[in-house]
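Worksheet for the structure shown next.
The values are calculated or read from the model by the stated rules, or taken from the named source; none is laboratory data. If you're wondering where the values come from, they're calculated on a predicted model, not measured in any experiment. Every residue, glycine among them, receives a Cβ derived from its backbone with ideal geometry; neighbour counts consider all protein chains shown.
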Amino acid sequence: MIGSGVIGVGAVAGELGIISPEADLIQFNQNVKFREIEPSADLIVFEQSVGEIEPARDLIRFQQRVGSVAARRRLPQAYIWINGVDYSSYTALDSVSVSFNEDQSATASIFVFRPLDAVINIPSFHAKQIRIETHVDPNDPASDVFPLFTGWIETAQHDRTRRGIAFTCSNLRDERLGDEDAGQLRALTGGVYSNVTQVEDAKGRDYANELMKTVCGSIGYDRAGDRRFYNWGVAGKPVNRTLTGAQVAYADPSTEFQTRSSVINRVTVNIDYRYSLLRSISSEVNVYKERNLVTGQFSTQFGPRDIIDYKAFRRDLMIEKAQSFEPWETLSYSIYPLEKAGNGGFVFDNLWPVADTWCQGFKSSIARRVAQPVTESYKFTITAPQSVDAYGKTIDGTELNYALDTEYDEALWEEEFKQTRKRDFDAARAVAQASADNRRADLALAFEAAYRIGKKQIVAAHRQTHIRGSVHSIFPVDLGDVCEHDNRIVDSIGQITGFEYAIGNGIRRTTIRMTISYMDTLVAAPAENWAAPLAPGYPEADLVLESTAEYNADTEVRAFEINVAEIPADYTDELEPAIAESAYTLPLEINSITLVNGR
Amino acid sequence: MWKLYTDAACTQVFGGTLSTVHYSDHSEGSLDYVFYFADVERDPADNGAYLLKMPGGGNYSFTIEDATPGSGHETTEIKTALTSAGLDNAVPGAALSIGVSATSGVTGAIPIHVRVTNAVTSAGVSVELSLRKPEGRVYAA
């Protein structure tokens with residue numbers, strides 16, 4: 001220890017002092033206890049099994065026909081059940097028609113005769129369930145009965161001239177899809193729903209419509225009224241129905257190739273994602289004035305003498321100032337102790353006896369937090385090279401533009417977050433940053449949904465060639481079935497996207513619209529190379545800036561001019577990293593077609 | 001949805017109405033049919049990914065329902081069994097249990113044998129009997 005030897009007076013370098021012998025100042029008694037690490041572990045793993053409701057329903061309705069051996073009954077052309085009541089014998093069997101079309105409600109129309117003078121109660125028929133069935137062989141009562149239509153009466157209109165009621169019916173596809181469980185629809189179709197790329201918070205039928213925007217397939221209800229989903233395309237699927245030359249009507253089939261203007265083979269998707277980068281900016285404010293600050297000289301008879309500014313500062317005021325840099329947060333500070341005033345070895349300091357209340361300045365370590373908005377821009381294209389070759393150019397569809405924002409409250413980071421109160425600042429900041437960037441999962445979902453939407457638009461644009469043929473019999477078909485035309489006019493395999501049943505006088509006809517995806521190209525189908533775009537990563541969030549503090553010795557001032565660092569606009573204004581661009585190729589199914597100019 | 005199919009490969013969905021022709025002298029005898037109870041829509045890859053069970057546990061059973069009990073055709077005209085041979089000893093009109101669960105996919109299809117034996121002598125066409133499945137729960141296997 002070195003001291004001046006005078007109580008209350010410190011030693012001055014170069015002056016004599018008293019040498020104190022070496023001794024232990026502190027004896028550390030360190031009691032180290034063994035700390036056993038208790039590892040984290042799952043105490044309970046919840047295996048939650050959620051069951052979907054499988055509704056009760058009739059599997060078989062027994063239609064039992066009893067007659068004498070010799071009797072031969074004429075079978076109805078169709079069975080009509082309205083609200084469980086058999087109207088077959090009242091139905092005009094020359095006017096039963098049923099129509100199914102992809103992504104639309106199926107419709108049916110019938111005419112029911114009513115007895116003369118009977119009371120016609122039209123409202124009693126409204127919205128009643130109707131089921132239309134027929135035999136595969138209208139002459140064989142033991143032949144299979146299959147449904148043509150299951151739905152509800154849409155309109156019931158009294159026809160005074162015919163003395164009956166004309167019904168139009170619908171299977172209420174959209175309404176019923178709206179009643180389906182959203183989770184089941186997602187699982188069944190493999191579709192995705194994103195609040196970013198689809199109508200926000202869609203419910204019911206809107207949800208089903210939005211979901212199906214991401215699925216290259218169609219959903220609806222079949223002839224029996226059961227939900228039916230199918231993927232577009234015929235690859236890998238067995239042929240359900242073949243229409244040979246002997247089956248298709250004489251005047252059929254007819255073909256309708258897609259129009260050139262309906263083709264698109266590239267879709268561009270733009271997605272902007274905005275989050276807040278939580279920056280931590282630090283600086284140091286060093287405020288110091290030496291006690292014996294020479295500010296100039298003046299001449300005396302003994303020669304030049306220094307002009308010295310002996311000013312010191314109130315310690316309490318400096319401490320207060322050291323912590324007063326709002327909006328900066330003072331992390332730590334230290335005080336420069338009072339220096340002794342003197343000149344030429346003489347001490348004349350009236351402050352020295354109360355040195356603890358005075359000081360020469362302070363040094364503050366300060367920090368400030370800025371939540372800088374960052375907008376990441378992603379751009380990707382989905383292109384079908386086969387189509388580009390077939391049509392000789394890239395044909396852009398409408399660009400798909402989406403944006404999502406974390407909507408982070410900047411005050412949480414800039415004002416409420418206090419670094420000095422955090423035991424582990426990095427961990428605390430990581431939590432805060434996660435909160436300011438909490439829609440990455442939504443972004444990933446939006447990427448996939450946007451890709452699927454673009455993909456479906458391109459696939460749908462090439463699925464517009466139709467082959468229509470009629471068969472003079474009634475047989476079960478369903479939307480999505482794979483159909484083959486192998487007849488004198490057309491040789492092709494496609495998918496059924498519409499069919500009609502017509503039963504009339506001497507008529508039992510099934511008309512099928514088959515759709516193919518055809519284009520004239522030899523370019524091989526590319527591999528589908530979808531992978532979600534990669535995020536550019538966080539920019540460097542930590543920043544050190546310089547603050548300055550200069551003592552103005554002007555006798556009128558004699559104070560510090562403190563300039564706390566200004567944060568450059570680059571670190572506060574919206575940051576836009578380079579656009580992340582990707583390109584994906586999409587294979588298209590090509591269904592060959594051979595047309596013969598046959599008779 | 002679990003449905004009946006008319007083929008073991010489960011490609012042909014049963015239309016729902018089984019039309020049978022009987023004679024007043026019952027000379028046609030008993031008429032046998034076989035269907036396949038399966039859900040291939042939910043499990044197209046045939047992974048056996050789902051199980052159909054009763055909500056409260058227990059056996060999943062089909063029942064014969066009669067819309068007009070006491071007149072016309074009665075449930076005793078229908079026999080059901082899981083095997084063709086089982087039809088002979090099946091109790092007429094009795095429920096058919098398929099066990100505690102059914103497994104999705106073609107492989108999990110359960111054959112349902114049905115025998116229709118008319119007991120009515122008056123001529124007519126009737127749709128009053130049905131084979132009904134109960135409400136169930138579908139769980140991931």
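If you take the residues of region A:492-507 that are at pLDDT 90 or above and more than 17 Å from A:Gly236 (Cα to Cα), which of them is farthest from the chain's Cα centre (by Cα)?
So the residue we want is A:Ile503.
May I ask you to list the residues in region B:123-141 that are at the interface with another protein chain (Cβ under 7 Å from one of its Cβ atoms) and either in contact with a Lys or Arg (Cβ under 7 Å, 6 or more places away or on another chain) or not hydrophobic (A, V, I, L, M, F, W, C) (or both)?
Correct list: B:Gly124, B:Val125, B:Ser126, B:Val127, B:Ser130, B:Arg132, B:Lys133, B:Pro134, B:Glu135, B:Gly136, B:Arg137, B:Tyr139.
Looking at (1) buried (at least 22 other Cβ atoms within 10 Å of the Cβ); (2) facing another protein chain (nearest Cβ under 7 Å); (3) of a type outside the set (S, T, N, Q); (4) assigned to a loop (DSSP other than H, G, I, E, B), find the lone condition where B:Cys10 falls short.
The number of the failed condition is (2).
Considering region B:14-41 alone, what residues qualify as being in contact with a Phe, Trp or Tyr (Cβ under 6 Å, 6 or more places away or on another chain) and at the interface with chain A (Cβ under 7 Å from one of its Cβ atoms)?
B:Gly15, B:Leu18
Check off (1) out of contact with any helix residue (DSSP H, G or I) (no Cβ under 6 Å at 6 or more places or on another chain); (2) crowded, with 19+ Cβ neighbours inside 10 Å; (3) part of a strand (DSSP E or B) for A:Gly220 and give me the number that stays unchecked.
(1)
Could you identify the single residue in A:Ile80, A:Ile110 that is away from every other protein chain (no Cβ under 14 Å), at pLDDT 80 or above and closer than 30 Å to A:Ile474 by Cα? Reasoning before the result, please.
Values: A:Ile80 fails: away from every other protein chain (no Cβ under 14 Å).
The match here is A:Ile110.
Could you list, in sequence order, all residues of region B:99-114 that are closer than 28 Å to B:Glu74 by Cβ and surrounded by fewer than 19 Cβ atoms within 10 Å (Cβ to Cβ)?
Within region B:99-114, B:Gly99, B:Ile110, B:Pro111 qualify.
Which one is surrounded by the most Cβ atoms within 10 Å (Cβ to Cβ) among residues in region A:555-599 that are under 43 Å from the mean Cα position of the chain (by Cα) and among the small types (Gly, Ala, Ser)?
A:Ala565
Among the listed residues B:Glu65, B:Glu77, which satisfies the condition of being at pLDDT 90 or above, surrounded by fewer than 19 Cβ atoms within 10 Å (Cβ to Cβ) and within 9 Å of chain A (Cβ to nearest Cβ)?
Being at pLDDT 90 or above, surrounded by fewer than 19 Cβ atoms within 10 Å (Cβ to Cβ) and within 9 Å of chain A (Cβ to nearest Cβ) holds for just one of B:Glu65, B:Glu77, which is B:Glu65.
Count, please, the residues in region A:555-576 that happen to be polar (S, T, N, Q) and not in a strand (DSSP E or B).
Within region A:555-576, residues that are polar (S, T, N, Q) and not in a strand (DSSP E or B) number 2.
Take the residues in region B:112-122 that are of a type outside the set (S, T, N, Q) and assigned to a loop (DSSP other than H, G, I, E, B); name whichever of them is nearest to the other protein chains (Cβ to nearest Cβ).
Top of the filtered list is B:Val120.
Would you call A:Met519 surrounded by 15 or more Cβ atoms within 10 Å (Cβ to Cβ), out of contact with any Cys (no Cβ under 9 Å at 6 or more places or on another chain), within 30 Å of A:Gln258 (Cβ to Cβ) and not assigned by TED's automatic domain parsing to the domain that holds A:Ser143?
Against the criterion (surrounded by 15 or more Cβ atoms within 10 Å (Cβ to Cβ), out of contact with any Cys (no Cβ under 9 Å at 6 or more places or on another chain), within 30 Å of A:Gln258 (Cβ to Cβ) and not assigned by TED's automatic domain parsing to the domain that holds A:Ser143), A:Met519 qualifies.
Within region A:536-554, which residues are of a type outside the set (S, T, N, Q), buried (at least 16 other Cβ atoms within 10 Å of the Cβ) and in a loop (DSSP other than H, G, I, E, B)?
Passing the criteria: A:Ala541, A:Ala553.
All but one of (1) within 30 Å of A:Asn139 (Cβ to Cβ); (2) at the interface with chain A (Cβ under 10 Å from one of its Cβ atoms) hold for B:Tyr50; which doesn't?
(1)
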